[in-house]
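Notes for the one structure printed next.
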Amino acid sequence: MLTSKIRAQMRGEAQNIVAVVQIGKDGLTDTVIQSCLDAFNTRELVKVGVLTTAGENVRDIAEQLAIATKSEVVETKGRKIVLYKFNNKLKHDKIK
């Protein structure tokens, strides 16, 4: 569980990253989930863009995606989702 202080720090860091995964008209598919899992291999914060054609509520998609990838939702802002998943192979200098 993320504390509010760590969550705020992650939101600040997420402003500088680009969305590496897009969710389109097909919604949350196995391919999207696998893309997120692949992204978590090299980073702890993943930003996901949700297109307007996705049809579902962004918050609902975020919760489903977090469950599927065993990650935590840092924030949903507009049509963007930021997820966090701990990776012990990466250095943790920034997040404490």
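Per residue, how much accessible surface does the chain expose to a 1.4 Å probe? Answer in Å², no decimals.
I get 62 Å² per residue for the chain.
Run through the DSSP bridge list for the chain and note the antiparallel percent, rounded to the nearest 5. Can you show the working numbers first?
Values: 10 of 13 bridges.
Roughly 75 percent of the DSSP beta bridges within the chain come out antiparallel.
For the chain, with all protein chains present and a 1.4 Å probe, just round the carbon and sulfur fraction of the accessible area to a whole percent.
Looking at the chain in its full context, I get 50 percent from C and S.
Could you run the Karplus curve 6.51 cos²θ - 1.76 cosθ + 1.60 with θ = phi - 60° over the stretch 7-19 and give me ³J(HN,Hα) per residue in whole Hz, x for Gly and Pro?
Per-residue couplings from phi come out as 4, 5, 5, 5, 4, x, 5, 5, 5, 9, 9, 9, 5 Hz.
How large is Rg/Rh for the chain, to two decimals, with Cα atoms and a Kirkwood Rh?
Over the Cα atoms of the chain, Rg/Rh equals 0.94.
Does anyone have the angle between helix 58-69 and the longest principal axis of the chain? Alpha-carbon axes, 0 to 90°, nearest 10?
With both axes taken from Cα atoms, the answer is about 60 degrees.
Before anything else, pin down the relative contact order of the chain: Cα pairs under 8 Å, at least 6 apart, normalised by residue count, whole percent.
31 percent
The values are calculated or read from the model by the stated rules, or taken from the named source; none is laboratory data. Bear in mind that the values here come from a model prediction, so they are computed numbers and not experimental data. The protein model used for the area step is the full one, side chains on, heavy atoms only, and it has no ligands, DNA or RNA in it. Shrake-Rupley method; radii C 1.70, N 1.55, O 1.52, S 1.80 Å.
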